[in-house]
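K.L.:
Following this message is one structure expressed as structure tokens.
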Amino acid sequence: MQLLLYSSGDDQDEKRLEAAVHEVIPESKIELFKRLNDLRERLRRPVEADSIAVLSALNREELQQMQVLRRLLIEIYVVLVIPDRKKSTIELAHLLLPRFLSHVSSDFKDLKIVLDKMYMNSQLSQLPDEKSFQEL
């Protein structure tokens, strides 16, 4: 499992988001991207099973630009942080098929719970099953 974190901003909300991610995901599993082109290049290379992309859009225009990533995100769990709660923004966000939507001004408690569950599930899926132990 890898977590690909895209956050182009440098304000307090983006710093809070990065801190929230680091609270629940080990540092060694996180790859941080500040430019959309860098993230796109990374997504063109293989990622581990159960990987997560946390994408934070500063504004509607950046969310629109993220649409070019749609085909590259098919096998990755997407967690999306959107800039506002306008109907048109939410509709655009859903085109990326996120597993979870958060808002940039939230406290990120729910986001941390979701990421923690995703991380724990990825760890459990890597454990050998009972049948494997019986074969040994």
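K.L.:
So with the 1.4 Å probe, I'd like the accessible area per residue for the chain, rounded to whole Å².
P.N.:
60 Å²
K.L.:
Now, a different point. Which whole-number percent of Cα pairs in the chain have a distance greater than 27 Å?
P.N.:
On the way: 1716 of 9180 pairs.
Looking at the chain, the distances longer than 27 Å represent 19 percent of pairs.
K.L.:
Would you mind working out the magnitude of the charge dipole of the stretch 1-60 relative to its Cα centre, with +1 at each Lys and Arg C-beta and -1 at each Asp and Glu C-beta, to the nearest 20 Debye?
P.N.:
Dipole size: approximately 300 debye.
K.L.:
Something else about it: Suppose only helical runs count, i.e. DSSP H with n ≥ 4. What mean residue ellipticity at 222 nm does that imply for the chain under -39500 (n - 2.57) per run, divided by all residues and rounded to the nearest 500 deg cm²/dmol?
P.N.:
Only helices count here, giving -12500 deg cm²/dmol.
K.L.:
Find how much the distance from LYS15 to ARG42 grows on full extension, using 0.36 nm per residue of separation minus their present alpha carbon separation; answer in nm with one decimal. Walk me through the numbers on the way to the answer.
P.N.:
Values: separation 27, 0.36 × 27 = 9.72 nm, distance 2.20 nm.
Gain on extension, LYS15 to ARG42, equals 7.5 nm.
K.L.:
Moving on to the next point. Where the convex hull is taken over the Cα atoms of the stretch 7-73, what is its projected area averaged over directions, in nm²?
P.N.:
4.8 nm²
K.L.:
Just to confirm my numbers, what's the Cα centroid distance between the stretch 54-84 and the stretch 92-124 in Å?
P.N.:
The stretch 54-84 and the stretch 92-124 have Cα centres separated by 12 Å.
K.L.:
Note down the net charge around LEU101, summing +1 for each Lys or Arg and -1 for each Asp or Glu among other residues with Cβ under 14 Å from its Cβ.
P.N.:
Result for the local shell: +1.
K.L.:
Mind checking the dipole of the chain: about its Cα centre, +1 per Lys or Arg Cβ, -1 per Asp or Glu Cβ, Debye to the nearest 20?
P.N.:
Numbers: 20 positive and 23 negative charges, 99 e Å.
The dipole of the chain has a size of about 480 debye.
K.L.:
With unit charges on the beta carbon (Lys/Arg positive, Asp/Glu negative), name the residue among SER122, HIS94, ALA53 whose Cα is farthest towards the positive pole of the charge dipole of the stretch 36-136.
P.N.:
Ranked along the dipole, the leading option is HIS94.
K.L.:
Report in % the part of the accessible area of the chain that belongs to carbon and sulfur, leaving out ligands and nucleic acids; probe 1.4 Å.
P.N.:
Here carbon and sulfur together make up 50 percent of the probe-accessible area.
The values are calculated or read from the model by the stated rules, or taken from the named source; none is laboratory data. Keep in mind that what you see is a predicted model, and the values were worked out from it rather than measured. With ideal geometry, Cβ positions are generated from the backbone for all residues, glycine too; neighbour counts draw on all protein chains shown. Just the protein is used for accessible areas: all its heavy atoms, side chains included, with ligands, DNA and RNA removed. Shrake-Rupley method; radii C 1.70, N 1.55, O 1.52, S 1.80 Å.
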